[in-house]
Amino acid sequence: MRLVITSRKTDTLDRWQRVFEDCGDAICQQGLRAETPVDAVLMAGVFAPERYGGRPGAEEAQILENRRGDGWHNLIIVPPGRPMTRDAQGDWKVQAAYAHIQPAYFAASRSFRAVEEWNAHHVERQISVVEINLPPDGHGQPGGRLKPAVLQESVQGIWRGPPG
């Protein structure tokens, strides 16, 4: 499996490139979208359900099919948030069992696990190249909070590379 990390900001891409410079399975490209063909894009959960369906706030990542014909990728990977519960005052809090896990690590690792599960059940439609588009402002997108080292850590032991 390969990652294509895209951003319009040179300094952002430079930081990510340094972390992944020894990893042949990750490349960085400057621009709004990947120049390299990809099978799916990782999209923040706050945007995906409105456009593509799915369930907001799910504990597991979702892979949605793009049926809108909007020119975006055919498969959208929606990372989950950590499981939440209401406290005695009625405020939402991360469940205690998940509080120690970084939100970005939880989202990335669950997303990559969902890709593995997808590939196990969709032999004719494998996801082998994933785009992660880092937004310019860093708000509301997984790339905005996701640090390169967190992503690198979450893929270790999850990806086994392409078959064969």
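The values are calculated or read from the model by the stated rules, or taken from the named source; none is laboratory data. For clarity, every value in this text was computed on a predicted model and none was experimentally measured. Here the Cβ is made from the backbone with ideal geometry for all residues, glycine too, and neighbour counts use every protein chain on show. All accessible areas refer to the heavy atoms of the entire protein, side chains included, with ligands and DNA or RNA removed. Shrake-Rupley method; radii C 1.70, N 1.55, O 1.52, S 1.80 Å.
Which order do 9, 93 take when ranked by solvent-accessible area (1.4 Å probe, heavy atoms of all protein chains), largest first? Provide the component values of the computation, followed by the final result.
Values: 9 75, 93 100 Å².
Ranked list, largest accessible area first: 93, 9.
What's the carbon and sulfur percent of region 17-79's accessible surface, probe 1.4 angstrom, rounded to a whole number? Let's see the in-between values first.
Values: 1620 of 3600 Å².
Taking all protein chains in place, region 17-79 shows 45 percent carbon and sulfur surface.
Projected area of region 51-109, taken from the Cα convex hull and averaged over every viewing direction, in nm²? Don't skip to the end; give the middle numbers.
Details: hull surface 19.5 nm².
Mean shadow area of the hull around the Cα atoms is 4.9 nm².
According to a simple spin-label model (label point 7 Å from Cα along Cα-to-Cβ), what is the distance in nm between residue 119 and residue 36?
Distance between label points: 1.4 nm.
Could you tell me whether region 1-103 comes out rounded, prolate or oblate from its Cα gyration tensor? Rule is a ≥ b ≥ c as square roots of the eigenvalues, rounded for a/c under 1.5, then prolate if a/b exceeds b/c, otherwise oblate.
Details: a/c = 2.54, a/b = 1.46, b/c = 1.75.
Verdict is oblate for region 1-103.
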